[in-house]
1. State all residues of segment B:53-67 that are in a helix (DSSP H, G or I) and surrounded by fewer than 15 Cβ atoms within 10 Å (Cβ to Cβ); if no residue qualifies, say none.
2. Restricting to segment A:156-172, name every residue that is surrounded by fewer than 18 Cβ atoms within 10 Å (Cβ to Cβ) and assigned to a helix (DSSP H, G or I).
3. Would it be correct to say that residue B:29 is among the small types (Gly, Ala, Ser), at pLDDT 85 or above and farther than 30 Å from residue B:150 by Cβ?
4. With the structure loaded, tell me whether residue A:123 is touching a residue at least 24 places away in the same chain (Cβ under 8 Å) and among the basic types (Lys, Arg) or whether it fails that test.
5. Six or more apart or on different chains, Cβ under 6 Å: which pairs go from a residue in segment B:246-269 that's free of Cβ contacts under 8 Å to residues at least 40 places away in the same chain and facing chain A (nearest Cβ under 7 Å) to one that's surrounded by fewer than 17 Cβ atoms within 10 Å (Cβ to Cβ) and not acidic (Asp, Glu)? Could you list them?
6. Filter segment A:167-194 down to the residues that are touching a strand residue (DSSP E or B) at 6+ places or on another chain (Cβ under 8 Å) and not charged (D, E, K, R) and list them by number.
7. Looking at (1) under 30 Å from residue B:236 (Cα atoms); (2) touching a helix residue (DSSP H, G or I) at 6+ places or on another chain (Cβ under 7 Å), find the lone condition where residue B:66 falls short.
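The values are calculated or read from the model by the stated rules, or taken from the named source; none is laboratory data. As the structure is a prediction and not an experimental result, all values here were calculated from the model. Glycine gets a Cβ as well: all are built from the backbone with ideal geometry, and neighbour counts include every protein chain shown.
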Amino acid sequence: MIRAEGLIARYGDRVVLDGLDFRIAKGELVGLLGPNGSGKTTLLNCLSKVVPLHGGRVAVSGRDLSEYSSAELARVEASVPQQLDISFPFTCIEVVLMGRYPHQQGFGTDSEEDLDTAMESMRLTDSLDLAKRPITEISGGEAQRVIIARALAQRAQVMLLDEATANLDVAHKTEMFDLFLEKNRQGTTFVCAMHDLNLAALYCQRLVFLKHGRIAVDGSTVDTFTEETLSSIYETEVRIIQHPDTGAPQAMFVPGQRASSGQM
Amino acid sequence: MLSKADQVSKTAGEIQFQLAASKRIFVLGLLFLTVVSILSVLAATGIGRLQIPWKTVVSALGEGLGLVHFGTVERTPLVVVFDIRLSRVVLSFLVGSALGVAGAVFQGILRNPLADPFTIGVASGAAFGAVLAIALGLGSGSYFGLGIIPFLALLGALIALASVVMLGRVQGRLRRDTLVLAGIVVATFLSALIALIKALDEEAVSAIVFWVMGSFQGRGWIHVWFSLPYLLLGLYLVMSRARELDILTLGEVQARQLGVEVERVRRTLLVGASLLTAAAVSVSGVIGFVGLVVPHLVRMLVGAAHGRLMVMSAFLGGLGLLWSDVVARILLPGGEELPVGVVTALVGGPFFCLLLKRRRGGVILD
């Protein structure tokens, strides 16, 4: 589905992504992990053609990214950004309907089908009752659900999520990932940049760890979610226990390391 | 007790119903405003220093528009009502519409509710062009009865836009923060040049002041015909991109990810809004506050979606400036006129403060 070869991205002179090679097959649910500044957001933005490549190539569905028009790409890939920055009081349903834009031609008004798709997406993310509220007057978590609904309304085969559930409460967080899992089983490919390691271990089949702009570790969750890997990537001590219900590995952090390692 | 699925389908039905209802209300609102606009134009042509009975006004309008046979009205009221007043009323409505729509577009492109048609220096360019024409003594020259000032004003506006866009480019991309900065630089520089010309040319000062404050004094049909093509072209360009403008307000990154060709769309919108501004400023001078206040007010009434916002702003901007100009014509005793920009600033300033106070939340200064 997605193939990257020798992907390089720079901001000015600073190299952010330094020669990444990877493939993501159709129907995978991949967690993109790594410390702050490791290049997760940049990688997602390269995949959605927002950040230009300085080297290498990316192909989606076997077609080079440069061959896609903006609208074509938005029909294949939907992105959920880290945060929303909006100063105008659009209603939530209007925001979700923006996700239908790549499917509309010319002057494009919202058809009956667009409206149905938008409302269905809002129902899935439990945000339908926000439909008529201005997005400037709801909470961060509610806005995040509306934006996820907008991405769903794009009906794309690939979902690129950048900390999509960071603002959500625990219940909505698991509810959203249950939804992603359900969509994933129906064939949608997910790439999720996240900080919540345990959430990643619960839902992702495969984890890609970035560090200093390179892929440090890439493999199945069972193989990569280990004390050694996590400790070395995040440079802090980590213990692994098993989830009482699912048996998935869960990371426990050890406090007090700053004093004990004598860095003061 | 309803099951969850029933509740959801009920909500969906409600939303559909509400959307349809708000569409109906919008259409009714438009019809209402159309009627009000027509009545306003008629009423405003009846108001002026020369007292003309309403019956004469109506038949003069009829004759001028070719609806009634020639010769039913005396020459003087015909000229006053049709050639002088009606043309001026129509022009003030068009200029107000243009400024209202341009304001809505600039606020959207720059993602800043405090932007207006003058933020990126287009108006200063037009003003500089006109002031230069006045100072060089070209003000009295006449081409098809039009004078050279509007031409130079239009040219100035387009040159200013071009320089702002060139300055605002970073690595081949137009960024809104650099765009605003470039606009401020260009506007400030041109204002300084205008001040310099004023200081050097004592005789032209009063003409320049009238121009810089904006006025419809002495404008006629020729000015309507001059600005109309630019106005229509600008209106078409921005209205055809209303949907993209909605998405652009989410920021460049998300607009791209939603499939908008950001560079191309933003250029179209910028050129369209600048044409509207230039069309307005080239025939009326710099009239402030319409482009700032009107979109604000309309956004509170019909929401943020730019299709509706622009249509409504056209009507309210037109009506607002039409009546402001009536006030500018008749307020002072003894037949002196005020620059209409003074009226819009005097009314618009306090009104804007009121709007700011009424707003909940602090989203104005982002």
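1. B:54, B:55
2. A:170, A:171
3. Yes.
4. Considered against the rule, which asks whether it is touching a residue at least 24 places away in the same chain (Cβ under 8 Å) and among the basic types (Lys, Arg), residue A:123 comes out as no.
5. Pairs that qualify, where the first residue is free of Cβ contacts under 8 Å to residues at least 40 places away in the same chain and facing chain A (nearest Cβ under 7 Å) and the partner is surrounded by fewer than 17 Cβ atoms within 10 Å (Cβ to Cβ) and not acidic (Asp, Glu), are B:259/A:71.
6. A:180, A:181, A:184, A:188, A:189, A:190, A:191, A:192, A:193, A:194
7. All conditions pass for residue B:66, except number (2).
Quick grid of which residues meet (1) under 30 Å from residue B:184 (Cβ atoms); (2) modelled with pLDDT of 85 or more:
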residue	(1), (2)
B:76	no, no
B:83	no, yes
B:90	no, yes
B:96	yes, yes
B:99	yes, yes
B:107	yes, yes
B:111	yes, yes
B:124	yes, yes
B:127	yes, yes
